[in-house]
Structure formats: C-alpha cells, structure tokens
C-alpha cells in the first residue's frame, strides 16, 4: 500500500488525517480514542484563558449527510483545567496539537506559552470561529492582526504554530500570507462558513445564538478553493479542512496542495471509526492511481493540463 506518512513543515504525521478541533476533543479519553481509531494526530478543542459555558441550546442543526450548522460559543474548561486531558491523550501515545483562542495578541501569547508546556507537538490558533463575539473571525479577519498574533505566539513558544484561517473574508490568501510573515509553520483552511437557519413556524432562528458556522460536505468546494489559492501564494504547508467525508474528498484537498487534512463533521456523523476507513480507502485510492506515497500527489492538480487545453 502507498506510504501515507505526511509532513507539515516540522510536523511528522503517521497519516494525513487529523481530528479537527471542536469534535471529539472534550476529554483525554476521547482524544485517545480518535488516535486509537487511526487518526494521524488529534487537535484539542479550542481552549481559552478561563472556563466558558458556551451558548444556550439549541446549538446544532444537522442536514442529513451534507452538513451541520452549529453555534457552540467555544465552551471549554479553561487552560488551568484542560492540561490533564492532554496528559491522558499523550499517555496513550497520541500526537496532540493544542488549539487556543484569545481576544488579542497578548492573550494568545500567554495561552500559547501555557499550552506549549503541556507536551503538545504544535499549536493551532483559532483565528476563525464565525460566531464567538470578541474571538475567532473578529480577531482573524485583518491581515495585520493575524500577523501580529502569530508573531507573538511564535515568540512565546518554540513549537510549530498553525494559523487556522476563516473563509468569511474577501481574501483568505492575504490572511495566509500574513500568517507566513508572522512565522507560522503552517496554515489550516478553512473553519466553518457563517450561516443561518430559520424555523418558519416559530419565526425565529433555529439556533439560540442565531448565526452559526456551517461545516460538512456542503462547504468542501469553498475549502478546496481556499487551499488551491493559498498553495499558489505561500511557501509554508497547508492543512485542508472542510467537508472531508471520503478518501476522494481528502485526495482532492491533497491534489489542491494540502499536506494533511482535518476531519470533523464526518466524525460527528459516523464516529471515530471513520479514521480507519479513510486511511484504508486513501491507501487503496493512491495505489489505484499509481502513487507510491502521499507526497507524490501534493499539488499535482496545479500542473495538470486544463480541460480546455489541446
């Protein structure tokens, strides 16, 4: 079978499938379970300076197999409590990436230094949650802010820093370039797409918070477009996120330029067994297409002749 090992800058992964932040990352046991099921690495839920209870229910609306709308409000136990969960996952042998969120560069830097002390192998900066006031997209939509935040975290920790970018902007490439200037080792694209659902009988939004973030198969074309554009402009690795339900979905991202992918909504629908299936199917798909290793497929769609050529 084709070699599925993946490398994102200094990060070496046993396969390209990462558990996405916010899915299955509530406890050390759940992170360890995703690793045991076959994930190449696990990203924690996004952790902040203090505990947050998140928004009131309802917080999730599902759409069969094609998507999920959520507005959780970044619930988390805070950086003082969560490290014990990371330790449980690490004892199970998991490759753990710590996700953090903050309101400004100084808060991100403090959290980055604290998260780095837990034994995680890298930091992912949540610069892209579309529905949390004062965090996420609100601090990650301006390239100057992105560059400043990334630079401060890089200065506060020796770990690789991954900037998770928002699609809710006119120019995601500018954000990726800003992250690169700030010293990021990689970028992940994308987070959820801002969305809304309305209950016509009750005449009000379905989610208690109103606006939410759409994930799942419906946003794959958006994620692919962002990865495609970013790959052409930045020199650091890109991690693809958004709508990866099958091995071919993952391979599309790889051919667009991603060196790894994050899986979220598929886990919500199928459970952590999805990792074993994706790893097996991707190996079979690469074999069938004549690729001896994953690296050979990265970005190949950029050099392929266009449909109109010839």
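When each of 207, 286, 251, 224 is tested for being surrounded by 20 or more Cβ atoms within 10 Å (Cβ to Cβ), more than 18 Å from the chain's Cα centre (by Cα), part of a helix (DSSP H, G or I) and at pLDDT 95 or above, the lone residue that passes is 286. Against the numbered list (1) part of a loop (DSSP other than H, G, I, E, B); (2) over 18 Å from the mean Cα position of the chain (by Cα), residue 21 comes up short only at (2). Between 157, 170, the distinction of being modelled with pLDDT under 95 and either in contact with a strand residue (DSSP E or B) (Cβ under 9 Å, 6 or more places away or on another chain) or within 18 Å of residue 102 (Cα to Cα) (or both) belongs to 157 only. Look at (1) under 17 Å from the mean Cα position of the chain (by Cα); (2) surrounded by 24 or more Cβ atoms within 10 Å (Cβ to Cβ) and you find that residue 217 fails only one, number (2). Residues that are under 15 Å from residue 272 (Cα atoms) and within 18 Å of the chain's Cα centre (by Cα) are absent from segment 1-13. Say we look at segment 289-302 and pick out the residues that are in contact (Cβ under 8 Å) with a residue 60 or more places away in the chain, part of a helix (DSSP H, G or I) and under 21 Å from the mean Cα position of the chain (by Cα); which of these is surrounded by the fewest Cβ atoms within 10 Å (Cβ to Cβ)? So the residue we want is 295.
Listed by position, the helices (runs of 4 or more DSSP H) enclosed by segment 58-149 that each have at least 3 residues that are modelled with pLDDT of 95 or more and surrounded by fewer than 21 Cβ atoms within 10 Å (Cβ to Cβ) are 83-91, 105-116.
Does residue 210 satisfy the criteria of being closer than 23 Å to residue 31 by Cβ and in contact (Cβ under 8 Å) with a residue 60 or more places away in the chain? It is false that residue 210 is closer than 23 Å to residue 31 by Cβ and in contact (Cβ under 8 Å) with a residue 60 or more places away in the chain. Looking only at residues in segment 255-283 that are over 23 Å from residue 45 (Cα atoms) and in contact with a helix residue (DSSP H, G or I) (Cβ under 6 Å, 6 or more places away or on another chain), the one that is surrounded by the most Cβ atoms within 10 Å (Cβ to Cβ) is 282. Under the condition of being part of a loop (DSSP other than H, G, I, E, B) and surrounded by 24 or more Cβ atoms within 10 Å (Cβ to Cβ), the residues counted in segment 150-166 number 1. Residue 261 satisfies every condition listed in (1) touching a residue at least 60 places away in the same chain (Cβ under 8 Å); (2) over 18 Å from residue 302 (Cβ atoms) except (2). Are any residues in segment 227-247 assigned to a helix (DSSP H, G or I) and crowded, with 23+ Cβ neighbours inside 10 Å, and if so, which ones? If the condition is that a residue be assigned to a helix (DSSP H, G or I) and crowded, with 23+ Cβ neighbours inside 10 Å, then 227, 230, 231 are the ones that fit.
Considering segment 2-18, and only residues there that are in contact with a strand residue (DSSP E or B) (Cβ under 6 Å, 6 or more places away or on another chain) and in a strand (DSSP E or B), the residue that is surrounded by the fewest Cβ atoms within 10 Å (Cβ to Cβ) turns out to be 3.
The values are calculated or read from the model by the stated rules, or taken from the named source; none is laboratory data. If you're wondering where the values come from, they're calculated on a predicted model, not measured in any experiment. Counting neighbours? That spans all protein chains shown, and the Cβs are built from the backbone with ideal geometry, glycine included.
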